[in-house]
Structure formats: structure tokens, C-alpha cells
Amino acid sequence: MNKKKPGLPSKIYFGLIFFFLYMPIAVMIFMSFNSGRNSTVWKGFSLKWYGELFKSKELMNALGNTLLIALLASVFATILGTAAAIGINNFRGKSRAVIQNVSNLPIISPDIVMGVSLMLLFSFLGVLLHFEMGFWTVLLSHICFCVPFVVLNVMPRLRRMDQSVYDAALDLGCNQWQAFCKVVLHELLPGIFSGMLMSFTYSMDDVVITHFTQGASFNNLSTKIFEMLRRQVRPTINALSALLFVAIIVILILINIFDRRAEKREARR
Amino acid sequence: MKSKKLSIPYIAWMVVFTMIPIVMIGLTAFRDKAGGFSLEPFTKAWDYRFVFLKSLWIALLSTVICLILAYPLAYLLTKMKKSTQKTVQLLIMVPMWMNFLLRIYAWKILLQKNGPLDMALSLLGIHGSYIGNTAAVVVGMVYEYLPFMVLPIFTVMSKIDGGLIEAAQDLGSNNLAVFKKVIFPLSIPGVISGITMVFVPSASTFLVAEHLGGKDDVMIGDVIDKIFLNDQNTGSAISLILMVFILIFLILMNLFGDEEALA
């Protein structure tokens, strides 16, 4: 296919789509600088909502919980999922298909069904083992929907991997653990990394499953925003959105720079 | 490396956190409040049949609009330079990394009375209410799930062998014919997974209709959320029905996809 510079109609089309995608975010960021409480009337520039955001213990606490859950869930899901993918790869035929289909269930089943079913499980176990839903049940639930993404990202890499390289490492005197680290993990690393990144972002984004497994006292950003939207919205939400947006952009730029560097290193080799 | 043992922890995990919860939904759905076997939850679920239909209707509209918007976008994207493609893909993804609820809230601000859209249109002399109706719900849905349609279609399209297109051109096809005979048929698998990835979450989501829709815009997800607090049995029955619907939908999509691949 010949790649030309995009023509005018295609530029206009992209422009409209990006307008649609970014307009709401732009409005939200704009409103975060509004000194008025109401999001329809502009009352002059102010940074007071940012100040209030940082002073709000509840919101900062919720942000901390969101990040902690996302970090723990993605790390644990990555370990569990990578090990699982290597194991599943050695199954053949029917048993493999069954395991993979069950593994995909959390992805294909609606969030709300998964949230409700986990809530049933945790409230049943809670009565049995005397615990209440909170941080741990949210963490477990997040791991549940993260692992399948890790498995899906690692699997294709495993299939492409050449088994003989691992055997060669063993022949050349590596023990199994060394061969595993030097050959297998090295090969799988891009898949592992993208699985982890996906897990992290899905965990940050989730509302539904957290809502059903949060219990009475635990809150993260999602549940906090949920509460605010149902009761009363404070303009601190706008400030929070603006900061989140900036954070996302910064992270993306950093990842991009690392990618470029890695590509250059590869090219030099 | 040959060991299957490494998957044992995950298999145990799946039994506890995937299989047992689904079985529990099944068991709860066939009981009454006292705990005896009963079909009452399903007779109660029947009351919500119109909510079901409405959810499917909203999901269908959202999916079709996503497809109409995304298909040309994905096609135009394949015609760009590799580096531009990467950037544009990222730009399409960025709003997805904002929290789901913040995205809905943004639309709430945008569409509200005296909000930005209302102001802009009133300059043209048009006044009206843009929130609290089915259209607003569909707009919110399209906003939430559009990237899920663009990305699979683009991935499949960009893997189409350039040689096939050149061959078609050499054999005298014009651009339209190339599109109709080569690009469109080969892009079908992407379209199928895009439809699946948009339809399933939009049929089952909650909160979008609650915040952007009117009184009549209640979706099945909202019903499950409300009902589960007081009546887990009926809630489970509705969840089970939803799950079965979605499984049937997925099987149909799969069948359709396979047939296209064979043709």
C-alpha cells in the first residue's frame, strides 16, 4: 500500500473524532479553574479547588488506595498469570481448551455479573470465616479480572518461543532456574510487561467490581467519585480529573521515550 | 519448562474465584428468601422484560454508531505512516485511561442545561435540553466504548497483505473494487470482535443511563445494582439471564465469524 500524507477529508474526519474524544475532558479541565461552585457559570480564574483537593484527606486517602490496589493487583496478577501461561502451554487438546475458556470467563462475562458473583462469594465466606468486605476483597477481585489479561498477553510469546534455546542453555551448563531466567523470562518480558500495564490500567479504571466488593468502610477513587455523583458533586472532581489527565500524558510520554531508546539500542546491535 | 505444575495455583484460583461464584449465582437464582427451591426469582425477573429490551436496544444503537464512526477511522489510519499510526492509536486510547465515571461526569457537564453545548447552540438560536434522554445515553456509551471498536478493526486491517491489494490493482480493479473485494471481506474478523467488545459491555453497564438518561432510560445493569441490595435471589436470576443472553450472542458472533473466514 502506498502511504501518502492524509488528504483533507481524512484530516477533517480525524479532527472531528478527536474533538469528540477530547472535548469533554477539555471542558472538565477548564472548569477546574473556575472559582465558582457551579459548573455552568464562569466566575473567574482560581486554583482553590486544587488546594481543596490536596487538603481533602478522604480524596487523598482514596487516591492512595486506588494506586496501592492497582500496584498490588497488577504485580500479583502478573506473577500468577505468567506462571499459569507457562503451565497451560504444556497442556494439550481438550484440557487446555477448557482451562483457557474458564480463564477467559472474567473477560467475556459482564462486569456487573462478575461483581455480583464475587459479592455473593465474599459475603458467604465472610459469614463462615468472620471477616468483612474491604481492602482485601477488593484486591482479590481486582486480581481476578487482571490475571486473564496477563495470560492472554504472555501466551502468544510462549507459542513463538523456540524450545531448543532453553535446551541449549541446559546443555551449556545452566541449571533449570538459570535457564528459565536467562531464556524464558527474557523472551516473555514484552508480553509480561504489556500484561502488567493492562492490569494496572484496568484496575485504575474499574468501578463496577469495586462497587460490589468494597464493603462498608473501604473507599478508592472510583467509589468516592461514585458516591459524589449520586449525592453532590464538588468541583474538586474537576481538579482531580485534570491532574489525572496530566499524569496519564506524562506517563505516556515517558513510556514513549523509553521505547524509542530501546529501539535505538536494538538497532545498534 | 515442560511442567504443568506452574499452572496449579491459577487453576485453584479459578475454581475459587471464577467457578464457585458463578455456581453460587445459579444456586441463589433458584431459591426464595427462605432458602427453599423456587422459581419465584424468575417470575419476578419477568417484570423487567422491557428493561431488558431497552438495554439491548441502547446497546444495539451504540454498537452500530461505533461501527459507523470507527470503520472509516481504522481504514484511514492504515493509510498513514507507521509513526503517525502509533501516535493516533495512543491518542484514541488516552481518554480510556481516565476513570470510567469521570468520563460520564464530563458528559454530564457538557450536556447539562446552560452547559457548553447548550450555550454554543443557543448562539445559533437553538434551545433545548440535551441530557435526560436516550440519545444522551447512547452518546455516553459511544464515548465510553468507541476505542474498543477502532482498535480491533485497525489491527486486522493493518495485517492485510499489501501484495493482495497490489495484485487486485494489477488485475484492473479500481480503488472501490479493491475495497469491496479485498479489504472489506478481510476486515470482517476485526469488525466481529469490535462488535463483541462494544455490545457486551454496553448492554450490561450501569451508571451511564442513571446519569445521562431520563426516567425511562433504565438499563438492566442499573436494575441488578438496585435490586441486589434487598433481593439477592431476583438479582441473581436477572444476572443469570443476562449471562445466558451474552453467551448466546458470543456463540452467534463466533459462528458468523467462522463462516466469513471460510467463504
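The values are calculated or read from the model by the stated rules, or taken from the named source; none is laboratory data. The model shown is predicted, which means the values in this text are computed figures rather than measured ones. Cβ placement follows ideal geometry from the backbone for every residue including glycine, while neighbour counts extend to all protein chains displayed.
Just a few scattered comments:
- Options B:ILE248, B:ILE195: the member that is surrounded by fewer than 22 Cβ atoms within 10 Å (Cβ to Cβ) and away from chain A (no Cβ under 11 Å): B:ILE248
- Any hit, segment A:74-86, residues being within 13 Å of chain B (Cβ to nearest Cβ) and free of Cβ contacts under 8 Å to residues at least 24 places away in the same chain: yes
- Count - residues of segment B:20-31 that are more than 7 Å from every other protein chain (Cβ to nearest Cβ) and either in a helix (DSSP H, G or I) or loosely packed, with under 15 Cβ neighbours inside 10 Å (or both): 4
- Residue check for A:LEU158: assigned to a helix (DSSP H, G or I), farther than 19 Å from A:THR223 by Cα and at the interface with chain B (Cβ under 9 Å from one of its Cβ atoms): no
- If you filter segment A:205-222 down to residues that are within 14 Å of A:ALA70 (Cα to Cα) and either in contact with a strand residue (DSSP E or B) (Cβ under 6 Å, 6 or more places away or on another chain) or at pLDDT 90 or above (or both), you find that the one that is farthest from the other protein chains (Cβ to nearest Cβ) is A:ASN219.
- Cβ pairs under 7 Å, 6+ apart, first in segment A:159-171 and surrounded by 10 or more Cβ atoms within 10 Å (Cβ to Cβ), second of a type in the set (A, V, I, L, M, F, W, C) and part of a helix (DSSP H, G or I): A:VAL165/A:VAL183; A:TYR166/A:ALA179; A:TYR166/A:VAL183; A:TYR166/A:VAL184; A:ALA169/A:ALA179; A:ALA169/A:VAL183; A:LEU170/A:ALA179
- The residue list A:PRO156, A:PRO190 contains one member that is surrounded by fewer than 16 Cβ atoms within 10 Å (Cβ to Cβ), touching a residue at least 12 places away in the same chain (Cβ under 8 Å) and closer than 27 Å to A:ALA247 by Cα, which is A:PRO190.
Let's see how each residue does on (1) aliphatic (A, V, I, L, M); (2) under 30 Å from A:ILE253 (Cα atoms):
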position: B:ILE58; (1), (2): yes, no
position: B:SER62; (1), (2): no, no
position: B:LEU67; (1), (2): yes, yes
position: B:PRO72; (1), (2): no, yes
position: B:TYR75; (1), (2): no, yes
position: B:THR84; (1), (2): no, yes
position: B:GLN89; (1), (2): no, yes
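- So A:ILE108, is it among the hydrophobic types (A, V, I, L, M, F, W, C) and at the interface with another protein chain (Cβ under 7 Å from one of its Cβ atoms): yes
- Subset of segment A:42-66 (residues that are closer than 16 Å to A:ILE225 by Cβ and outside any helix (DSSP H, G or I)): A:SER56
- Some residue of segment B:4-12 being buried (at least 16 other Cβ atoms within 10 Å of the Cβ), small (Gly, Ala, Ser) and either assigned to a loop (DSSP other than H, G, I, E, B) or touching a helix residue (DSSP H, G or I) at 6+ places or on another chain (Cβ under 6 Å) (or both): yes
- Lone unmet requirement of (1) touching a helix residue (DSSP H, G or I) at 6+ places or on another chain (Cβ under 8 Å); (2) at the interface with another protein chain (Cβ under 9 Å from one of its Cβ atoms) for B:VAL15: (1)
- Those helices (runs of 4 or more DSSP H) of segment B:41-136 that lie entirely within it include none in which at least 3 residues are under 28 Å from A:VAL27 (Cβ atoms), facing another protein chain (nearest Cβ under 8 Å) and of a type in the set (Lys, Arg).
- Inter-residue pairs, beta-carbon under 6 Å, first closer than 18 Å to B:ALA74 by Cβ and in segment B:167-179, second buried (at least 16 other Cβ atoms within 10 Å of the Cβ) and among the small types (Gly, Ala, Ser), 6+ apart: B:VAL178/B:ALA168
- Looking across segment B:153-174, just one residue is touching a Lys or Arg at 6+ places or on another chain (Cβ under 7 Å) and either part of a helix (DSSP H, G or I) or surrounded by fewer than 16 Cβ atoms within 10 Å (Cβ to Cβ) (or both), and that is B:ALA168.
- Top-ranked residue of segment B:202-240 - restricted to ones that are of a type in the set (A, V, I, L, M, F, W, C), without any contact (Cβ under 8 Å) to a residue 60 or more places away in the chain and in a helix (DSSP H, G or I), ranked as surrounded by the most Cβ atoms within 10 Å (Cβ to Cβ): B:ILE224
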